[in-house]
Amino acid sequence: GFVPGLFGTSHGALQFMAYEDLKERYNKYRNRVSDTKLNTLEYIMMAAVSKIFAVSATYPYQVVRARLQDQHNTYSGVFDVIRRTWR
């Protein structure tokens, strides 16, 4: 589980990247300087959208990792987990 665990750290990185990009694009859309402070509702919306993006991108990986760690089933590898999960 060490290598899959390292891959799991991408969730936070993806969320932070999406949050910063959304914030920058939103400020550009509103014709404001890119580092302009957002109001509370804008912060909540940017955080929610970036979290949805990160979860959507990393959730399938978490399912595969959890099934690989399941000691009650035997899989021949990652592709076997994906194939059997898809089925």
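The values are calculated or read from the model by the stated rules, or taken from the named source; none is laboratory data. Just so it is clear, the model here is predicted, and its values are computed rather than measured. Methodologically, a virtual Cβ is constructed for each residue, glycine included, from the backbone with ideal geometry; neighbour enumeration extends over all protein chains shown. Ligands, DNA and RNA are excluded from the accessible area calculation, which covers all protein heavy atoms including side chains. Shrake-Rupley method; radii C 1.70, N 1.55, O 1.52, S 1.80 Å.
Evaluate Rg over Rh across the range 36-86, taking Cα atoms for both radii and Kirkwood's formula for Rh. All intermediate terms of the calculation are to be shown ahead of the outcome.
On the way: Rg = 17.3 Å, Rh = 13.3 Å.
Reported Rg/Rh (Cα atoms, Kirkwood Rh): 1.30.
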_What whole-number volume per residue, in cubic angstrom, does the convex hull of the C-alpha atoms of the chain give?_
120 Å³
*Quick one: compute the contact order of the chain, relative version, from alpha carbon pairs under 8 angstrom and 6+ residues apart, as a percent.*
33 percent
*asked:* Please list, in order along the range 43-60, the HN-Hα scalar couplings obtained from phi with the Karplus expression 6.51 cos²θ - 1.76 cosθ + 1.60 (θ = phi - 60°), rounded to whole Hz, x for Gly and Pro.
replied: 4, 4, 5, 5, 5, 5, 5, 5, 5, 4, 4, 5, 5, 4, 6, 10, 4, x
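Ranking request for peptides 22-34, 55-67: highest mean number of other beta-carbon atoms within 10 Å first, then the rest in descending order.
On the way: 22-34: 12.4, 55-67: 14.3.
Most protected by this proxy first, the peptides run 55-67, 22-34.
Roll a 1.4 angstrom probe over the protein heavy atoms and tell me the percent of accessible area of the range 29-87 that is carbon or sulfur. Mind dumping the intermediate values first?
On the way: 2870 of 4860 Å².
Ligands and nucleic acids excluded, carbon and sulfur reach 59 percent.
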*asked:* Output wanted: per-residue J couplings in Hz (rounded whole) for the range 73-78, from phi through Karplus 6.51 cos²θ - 1.76 cosθ + 1.60, θ = phi - 60°, x for Gly and Pro.
replied: 10, 10, 10, 8, x, 4
*asked:* If I model a spin label at Glu42 and Thr85 as a point 7 Å from the Cα along the Cα→Cβ vector, what separation in nanometres do I get?
replied: 3.8 nm
*Put Phe79, Phe53, Phe7, Phe16 in order of accessible area, largest first, 1.4 Å probe: what do you get?*
Phe79, Phe16, Phe7, Phe53
*Exposure of Ile44 as accessible area (Å², to 10), given a probe of 1.4 Å and all protein chains*: 100 Å²
